[in-house]
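The values are calculated or read from the model by the stated rules, or taken from the named source; none is laboratory data. Only a predicted model underlies this, so the values are computations on that prediction, with no experimental measurement involved. Positions of Cβ are backbone-derived with ideal geometry, glycine not excepted, and every protein chain shown enters the neighbour counts. Heavy atoms of the whole protein, side chains included, go into the accessibility calculation; ligands, DNA and RNA do not. Shrake-Rupley method; radii C 1.70, N 1.55, O 1.52, S 1.80 Å.
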Amino acid sequence: MKHLIAPSVLSADFANLQRDIEMINSSAADWFHVDVMDGVFVPNISFGFPVMEAIKKYATKPLDVHLMIVNPDQYIERFAAAGAHLITVHYEACIHLHRTVQSIHAAGCKAGVAINPHTPVSLLRDILPDLDLVLVMSVNPGFGGQKFIPNTYNKLRELKAMANDLNPELIIEVDGGVGIHNLGELIAAGAAAFVAGNAIFAAESPIQMIAEMKNLDPGIKTI
Ligand code: DX5
Ligand code: ZN
């Protein structure tokens, strides 16, 4: 499968949101990555339903919604109604993760689980067969533009091996400090979907950067 590119709307210009959404529509990107932060699970607040509905109004590609919020269960149906295609919750925020994953599926969405940099991938073993996606955080969540944490490569390799056994269809996504400089190595480590905020929106030509990331051929056989 060709790798997927998910530009993070968090790095867009919110005063020109429609313009930036249309840029992504006409680019080689696959998904819109939508970061929802509650100021409790992470030390930052991003946006909620009104902005997400505004994104949905113009977006012509699936919304990949990353919930950095405590107690996501109470909002699953609203995020589904607001247009989420994929809903990712944090392992660290869910006491009854299996139930949460079931609710996401019941709401008609694909289900993902995100893990923070300190959370071992081995903790996902029993939930892995139920998931469509695992989001490996390669920075501590909360802000765009942070530095990539290199231990992510080890986590990706371990997760890919586990997925080969338990859920070969699983999409492994990486989020934080991802750009054209580390994309090839991340693909080789087993990731297939890439969130990028700063790398795309700080580029001279965001649309060209998306094309470069999408067309990158790592030239390495993945495990
Ligand atoms: C961080 C968010 C990311 C962020 C990535 O908490 O989950 O999606 O927007 O931004 P960059 O690509 O700039 O690290
Ligand atoms: Zn994210």
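Values as computed for the structure displayed
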read-out: The lone exception for PRO141 - which of (1) in a loop (DSSP other than H, G, I, E, B); (2) out of contact with any helix residue (DSSP H, G or I) (no Cβ under 7 Å at 6 or more places or on another chain); (3) more than 14 Å from ligand 2 (Cβ to nearest atom); (4) modelled with pLDDT of 95 or more it fails; value: (3)
read-out: Within region 164-220, helices (runs of 4 or more DSSP H) holding 3 or more residues that are away from ligand 2 (no atom under 14 Å from the Cβ) and buried (at least 17 other Cβ atoms within 10 Å of the Cβ); value: 183-188, 206-215
read-out: Identity of the residue in region 26-40, crowded, with 16+ Cβ neighbours inside 10 Å and more than 10 Å from ligand 1 (Cβ to nearest atom), that ends up farthest from ALA12 (Cα to Cα); value: ASP38
read-out: Residue count for region 144-163, restricted to those that are in a loop (DSSP other than H, G, I, E, B) and either open to solvent by less than 30 Å² (accessible area, probe 1.4 Å) or out of contact with any Pro (no Cβ under 6 Å at 6 or more places or on another chain) (or both); value: 7
read-out: Identity of the residue in region 144-190, acidic (Asp, Glu) and without any contact (Cβ under 8 Å) to a residue 40 or more places away in the chain, that ends up farthest from ligand 1 (Cβ to nearest atom); value: ASP165
read-out: Answer from ALA111, ALA59 - the residue that is closer than 28 Å to GLU22 by Cβ and either of a type outside the set (Lys, Arg) or out of contact with any Leu (no Cβ under 6 Å at 6 or more places or on another chain) (or both); value: ALA59
read-out: Condition met for ALA80 (within 16 Å of ligand 2 (Cβ to nearest atom) and not β-branched (Val, Ile, Thr)); value: no
read-out: Filtered residue count, region 96-132, keeping only those that are within 16 Å of ligand 1 (Cβ to nearest atom) and either open to solvent by 70 Å² or more (accessible area, probe 1.4 Å) or of a type in the set (A, V, I, L, M, F, W, C) (or both); value: 4
read-out: ASN140, sole failed condition from (1) in contact with a His (Cβ under 9 Å, 6 or more places away or on another chain); (2) away from ligand 1 (no atom under 16 Å from the Cβ); (3) open to solvent by 20 Å² or more (accessible area, probe 1.4 Å); (4) under 24 Å from PHE194 (Cβ atoms); value: (2)
read-out: Checking GLY48 against (1) within 16 Å of ligand 2 (Cβ to nearest atom); (2) surrounded by fewer than 16 Cβ atoms within 10 Å (Cβ to Cβ); (3) of a type in the set (Gly, Ala, Ser), the condition it does not meet; value: (2)
read-out: Some residue of region 1-15 being among the small types (Gly, Ala, Ser), more than 27 Å from ALA106 (Cα to Cα), open to solvent by 10 Å² or more (accessible area, probe 1.4 Å) and within 18 Å of the chain's Cα centre (by Cα); value: yes
read-out: Residues that are aliphatic (A, V, I, L, M) and at pLDDT 95 or above, drawn from region 199-223; value: ALA199, ILE200, ALA202, ALA203, ILE207, MET209, ILE210, ALA211, MET213, LEU216
read-out: Failed item, numbered, when SER26 is tested on (1) within 21 Å of ILE207 (Cβ to Cβ); (2) within 12 Å of ligand 2 (Cβ to nearest atom); (3) of a type in the set (Ser, Thr, Tyr); value: (2)
